[in-house]
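Structure, as structure tokens:
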Amino acid sequence: MAELSTTIIKKLINFFTRSRCSLLGGIIVVILFPILLVSILLDMQGIVENPYFGFLIYMIMGPLFVIGLLLIIGGTLFCGGKEDIGIIVVEYFQEQLSRPGRFTRIRRFVFLTSLITFMTFVVVGVVTYTGFHYTETVSFCGQFCHTVMEPEYVTYKNSPHSQVPCVECHIGEGAEWLTRSKFSGARQLFAVVFDSYDRPISTPIRALRPSRATCEGCHRPEVFHGDKLYVNDKFLPDEKNTHVQTVMVMRIGSGGYSGREAHGIHWHVSENHSVSYVASSDRENMAKVTLVNAANQKKVYRREDVSALVGTMEERLMDCVDCHNRPSHIFKGPEAALDEKLSTGIIPREIPYIKRQALAAITRKYSSQDIARRSIAKELMDWYRQQYPEIVAQQKDVLARAVMGVQEAYVENVFPGMNIDWETYVSFTCHINNGGCFRCHNDEFKSEDGDTITTDCNACHIILAEEEPARDIIEILKGSSSAGM
Ligand code: HEC
Ligand code: HEC
Ligand code: HEC
Ligand code: HEC
Ligand code: HEC
């Protein structure tokens with residue numbers, strides 16, 4: 001056994017030193033092999049979770065190792081001396097076979113070449129396979145280009161889709177979109193290296209795979225249930241941070257299925273008709289809305305004042321992301337961000353005026369998240385020291401928790417490094433500032449026979465309570481009057 005291994009090593013050295021080219025390859029391979037092996041094992045076990053680690057293994061060490069192997073093979077085949085080439089020609093075998101006692105050398109030779117070929121296949125296979133998949137992991141997409149993707153990664157982690165890999169929405173299945181996204185991905189890496197990317201990243205994303213194909217892998221709007229109760233908890237900017245609620249029945253509706261009629265909000269995604277529109281490039285200002293019904297009749301809604309339109313016009317068939325443009329990167333507004341922290345108790349409600357003071361602090365401009373954290377803490381502490389010294393003295397911990405909650409509300413939604421503030425990315429599943437649904441559902445669009453797109457509040461939701469003092473939901477549903485009314 002010992003003899004065998006020394007001959008193998010000797011043979012290997014012989015093999016590598018045949019030419020300078022393969023010697024270089026040999027050195028690379030010998031050094032990288034153990035490092036790569038251990039790294040890949042560590043990575044597969046998930047022991048090291050640093051995103052740069054994956055990049056180092058699959059994008060740098062892996063390809064380098066493959067280059068090493070190619071150098072060895074190229075070196076021995078093409079750059080070696082004449083005599084050495086003999087080793088792989090038939091005469092060599094004939095000579096070796098015809099000499100008695102030479103079979104062992106042949107065996108060793110065959111053994112050695114098969115071993116090297118096998119290793120090459122295994123390593124090249126593992127490296128390309130995992131390397132390719134590495135570019136599809138959440139860690140590569142979300143964490144590798146840290147500042148660029150941080151806002152999307154943070155908001156994604158706080159969203160209902162935090163367990164859905166980025167590629168499920170951004171690529172989905174199918175070779176065409178895979179190569180398209182890999183190409184646009186390569187362009188993005190280039191932009192990161194040369195620091196030429198947009199801050200903030202501009203939306204909408206045109207290279208996004210048509211969303212019906214991706215979203216419908218998990219959600220099927222045609223089989224959705226009809227109505228759903230929504231309770232939005234809010235807090236007033238008064239001393240008690242009064243808890244109020246907006247309660248409404250959302251007409252979620254359905255796209256129609258097995259003979260059932262399409263109705264409600266998901267009426268738009270029925271197979272039986274289509275809604276398309278022409279809009280400015282940010283899709284915020286519509287110029288024209290076209291409805292084609294089941295009988296293939298066209299109804300075009302136009303609007304007279306198109307002065308707000310900018311950029312190139314494009315016609316687009318409406319799909320999920322025309323409403324759900326923020327299914328995963330949910331940047332909240334300042335009020336909503338604080339209301340969420342207050343309703344979950346992350347910001348304790350017993351601190352007087354915390355909603356009002358926090359809102360003032362988080363809506364100021366800061367040049368970085370670190371500065372924001374410090375300034376928010378300082379502003380709040382200064383104010384409470386002046387106005388409520390007894391709280392600072394007796395409820396230090398509660399106040400500290402509140403300050404941390406307020407800082408969180410800021411850093412989860414505002415990213416000065418990417419120029420993202422409270423208003424950068426707005427959701428379309430609402431009608432704040434006449435955006436979202438009201439881009440089309442307004443009185444300005446008229447068809448030839450004078451119809452408008454409905455603005456009836458009850459077509460979309462039935463409001464049961466609007467910012468009323470919070471009480472038991474059953475009371476609201478039964479319609480009994482609230483304590484304060
Ligand atoms: C549930 C589906 C979904 C998942 C999961 C998802 N995204 Fe997105 N993402 C979208 C949609 C839809 C848009 C398009 C927004 C638009 O065009 O207005 C988008 C937009 C983006 C943008 C453009 C900037 C922005 O905020 O609109 C980036 C960058 C991005 N995603 C990165 C990621 C990364 C990184 C991950 C994983 C950590 C991820 N996405 C996971 C659906 C998803
Ligand atoms: C891989 C599966 C998967 C894909 C793809 C996917 N989702 Fe989801 N979606 C989920 C899961 C899981 C939830 C969470 C359900 C829950 O927590 O109740 C969810 C929740 C939602 C919700 C409800 C959020 C809420 O506040 O309750 C919406 C809206 C939604 N997805 C829209 C989309 C859209 C739009 C797309 C396509 C861009 C999409 N999803 C793609 C799995 C997926
Ligand atoms: C006309 C706009 C619009 C379109 C188009 C649309 N949705 Fe919705 N969807 C909404 C609104 C509004 C809600 C309810 C409010 C919310 O969740 O923000 C909703 C709710 C949902 C929910 C949560 C349902 C629940 O029971 O809580 C899912 C999941 C969803 N949509 C998926 C989709 C998918 C997938 C598509 C594309 C096939 C789609 N939607 C197309 C507007 C739309
Ligand atoms: C691109 C334009 C466009 C956008 C954006 C849009 N809609 Fe519509 N919607 C239409 C058109 C066109 C109709 C059909 C005409 C009508 O019913 O007045 C319609 C009809 C509806 C209907 C009535 C369906 C029925 O049963 O007849 C509801 C409910 C609705 N939309 C909800 C929404 C909600 C909620 C949003 C925002 C999340 C939204 N729409 C965004 C164009 C749009
Ligand atoms: C085309 C559909 C549509 C129409 C028409 C519509 N809304 Fe809404 N409205 C929505 C959607 C979608 C939301 C967001 C629901 C959510 O996710 O909280 C909403 C939310 C609201 C909210 C709650 C906002 C909050 O602070 O939580 C109020 C209040 C409201 N609408 C009032 C009205 C009134 C009043 C009208 C009639 C003038 C009206 N809406 C017409 C779709 C519509």
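Observations, loosely collected:
- Cβ pairs under 7 Å, 6+ apart, first in the range 450-470 and under 26 Å from His243 (Cα atoms) and touching a residue at least 60 places away in the same chain (Cβ under 8 Å), second among the small types (Gly, Ala, Ser) and more than 9 Å from ligand 4 (Cβ to nearest atom): Glu468/Ser482; Pro469/Ser482; Pro469/Ala483; Pro469/Gly484
- Cβ pairs under 8 Å, 6+ apart, first in the range 217-238 and at negative phi and part of a loop (DSSP other than H, G, I, E, B), second within 16 Å of ligand 4 (Cβ to nearest atom) and among the basic types (Lys, Arg): Gly226/Arg251; Asp227/Arg251
- For the range 257-273, a tally of residues being in contact (Cβ under 8 Å) with a residue 40 or more places away in the chain and surrounded by fewer than 16 Cβ atoms within 10 Å (Cβ to Cβ) returns 1.
- Matching residues in the range 425-437 - criterion: being outside any loop (DSSP other than H, G, I, E, B) and near ligand 4 (Cβ under 8 Å from one of its atoms): Gly436, Cys437
- Matching residues, the range 436-464, being more than 10 Å from ligand 5 (Cβ to nearest atom) and of a type in the set (Gly, Ala, Ser): Ser447, Gly450
- Residue in the range 428-443 that is without any contact (Cβ under 8 Å) to a residue 12 or more places away in the chain and of a type in the set (D, E, K, R) present: no
- Taking the range 205-220 as the range and being within 16 Å of ligand 4 (Cβ to nearest atom) and either at pLDDT 80 or above or loosely packed, with under 13 Cβ neighbours inside 10 Å (or both) as the test, the residues that pass are Cys215, His219.
- Answer from Asp282, Asp238 - the residue that is modelled with pLDDT of 90 or more and more than 16 Å from ligand 5 (Cβ to nearest atom): Asp238
- Test: residue in the range 439-447 that is among the acidic types (Asp, Glu) and not in a helix (DSSP H, G or I): yes
- Filtered residues of the range 146-187 (kept if within 17 Å of Gly417 (Cβ to Cβ) and modelled with pLDDT under 85): His146, Thr147, Val148, Met149
The values are calculated or read from the model by the stated rules, or taken from the named source; none is laboratory data. Just so it is clear, the structure is predicted and the values come from calculations on it, not from any experiment. Positions of Cβ are backbone-derived with ideal geometry, glycine not excepted, and every protein chain shown enters the neighbour counts.
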